[in-house]
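Q: So that we are looking at the same thing, I have put the structure below in structure tokens.
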Amino acid sequence: MTRDIKAMCKSLRLAYVADVYESIPFETKEQFLKELFEKEFVLREEARADRLMKKAKFLHVKELDDYHWGSHIHFPQQLDKDELISLSFIKRVENVILTGAPGTGKTHLATALGREACRNGFEVRFF
């Protein structure tokens, strides 16, 4: 039976359903289907973000949570930390230029913003 389900899922391009359907607790059929499809969507988004990050060719794994926002960081008047992290500049089709002395975290911040953009479905390329 499992082989039949895996074959059908492959044919329907439901990449994760065959792997997770047995682990979903349920009380009604509708609840089961809803949770099953939600899990499929979540796993697809995670896989897409992983593909985008590989395609971006980041040199290191850097995250915004690990970035040290010190007093050496200065923002222009129209931008602040929260707006930068929200990636709203991408939606407005604006550039962000990071300048500063070596060792101040420019690459870390650029990589972390790029990885966050990948998680939000944006295509990124690190040079």
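Q: What does the net charge come to around Ala49 if you take all other residues with beta carbon closer than 12 Å to its beta carbon, with K and R at +1 and D and E at -1?
A: After counting each charged neighbour, the total is +2.
Q: Which percent of the accessible heavy-atom area of the chain goes to carbon and sulfur, probe 1.4 angstrom?
A: C and S fraction of accessible area: 55 percent.
Q: Taking every alpha carbon pair in the stretch 74-127, what does the distance histogram look like in 5 angstrom bins from 0, in percent?
A: Result returned by the calculation: 4, 17, 31, 28, 15, 5, 0.
Q: Reported to two decimal places, what Rg/Rh ratio describes the stretch 42-104 when computed on Cα atoms with Rh from the Kirkwood expression?
A: 1.00
Q: Cut-off under 17 Å on the C-alpha distance; same-chain residues fewer than 8 positions from Lys10 excluded. Which lysines are left, in chain and number order?
A: Cα-Cα hits under 17 Å: Lys39.
Q: Based solely on its DSSP helices, what 222 nm [θ] is calculated for the chain when runs of n ≥ 4 H residues each add -39,500 (n - 2.57) and the sum is averaged over all residues, nearest 500 deg cm²/dmol?
A: Rounded to the nearest 500, it is -15500 deg cm²/dmol.
Q: To continue, here is another question. Within the stretch 19-93, which GluC sites (Glu not before Pro) sit in a loop by DSSP and count at most 15 neighbouring Cβ atoms inside 10 Å?
A: Passing both the DSSP loop test and the Cβ count: Glu27, Glu63.
Q: If you average the sequence gap of Cα pairs under 8 Å that are 6 or more apart and divide by the length of the chain, what percent do you get for the contact order?
A: 31 percent
Q: Just read off the accessible area of Asp82 with the full protein assembly in place, 1.4 Å probe, to the nearest 10 Å².
A: Taking all protein chains as shown, Asp82 has close to 110 Å².
Q: Before I look further, what does the chain give for accessible area per residue, probe 1.4 Å, in whole square angstrom?
A: Per residue, the chain has an accessible area of 77 Å².
Q: Could you tell me how far the Cα centroid of the stretch 48-95 sits from the Cα centroid of the stretch 11-42, in Å?
A: Comparing the Cα centres of the stretch 11-42 and the stretch 48-95, I get a distance of 33 Å.
Q: Which residues make up the longest stretch of the chain clear of trypsin sites (Lys or Arg not before Pro) that lie in a DSSP loop with no more than 13 other Cβ atoms within 10 Å, not counting the sites?
A: So the longest stretch without any such site is 14-56.
The values are calculated or read from the model by the stated rules, or taken from the named source; none is laboratory data. Here the structure is a predicted model, which means the values were calculated and not measured. Virtual Cβ from ideal backbone geometry, glycine too; neighbours counted across all protein chains shown. Remember, those area values only see protein heavy atoms, side chains included, never the ligands or the DNA or RNA. Shrake-Rupley method; radii C 1.70, N 1.55, O 1.52, S 1.80 Å.
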